[in-house]
């Protein structure tokens, strides 16, 4: 056995080797994506995708997203 190889006794914990993760590109999210998400929420709710108990949370997010999109659109004009 070479000097570089380590001896591991049976049953001993083995440390996993981890390679450094490659740098991931920043996600690309824009106003059009947010508008699409708002449309998806609208369609999903009209098709009954959410339970009654979930509707309040979904509605709050939808209203917050709508207000944000309206403010961004108003600033662009």
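The values are calculated or read from the model by the stated rules, or taken from the named source; none is laboratory data. All values reported here derive from a predicted model rather than from experimental measurement. With ideal geometry, Cβ positions are generated from the backbone for all residues, glycine too; neighbour counts draw on all protein chains shown.
Residue check, residue 31 against (1) modelled with pLDDT under 95; (2) out of contact with any helix residue (DSSP H, G or I) (no Cβ under 7 Å at 6 or more places or on another chain); (3) under 22 Å from residue 72 (Cα atoms), all met but one. Which one?
Only one criterion in (1) modelled with pLDDT under 95; (2) out of contact with any helix residue (DSSP H, G or I) (no Cβ under 7 Å at 6 or more places or on another chain); (3) under 22 Å from residue 72 (Cα atoms) is unmet by residue 31, namely (2).
If residue 11 satisfies every condition in (1) on the phi > 0 side of the Ramachandran plot; (2) at pLDDT 95 or above but one, which is the exception?
(2)
Take segment 19-38 and flag every residue that is loosely packed, with under 10 Cβ neighbours inside 10 Å and either assigned to a helix (DSSP H, G or I) or touching a strand residue (DSSP E or B) at 6+ places or on another chain (Cβ under 8 Å) (or both).
Selection gives 32 alone.
Under 8 Å by Cβ, and 6 or more places apart or on different chains, what pairs join a residue from segment 49-60 that is surrounded by 10 or more Cβ atoms within 10 Å (Cβ to Cβ) with one that is in a helix (DSSP H, G or I)?
The qualifying pairs are 50/44; 50/58; 55/45; 58/41; 58/45.
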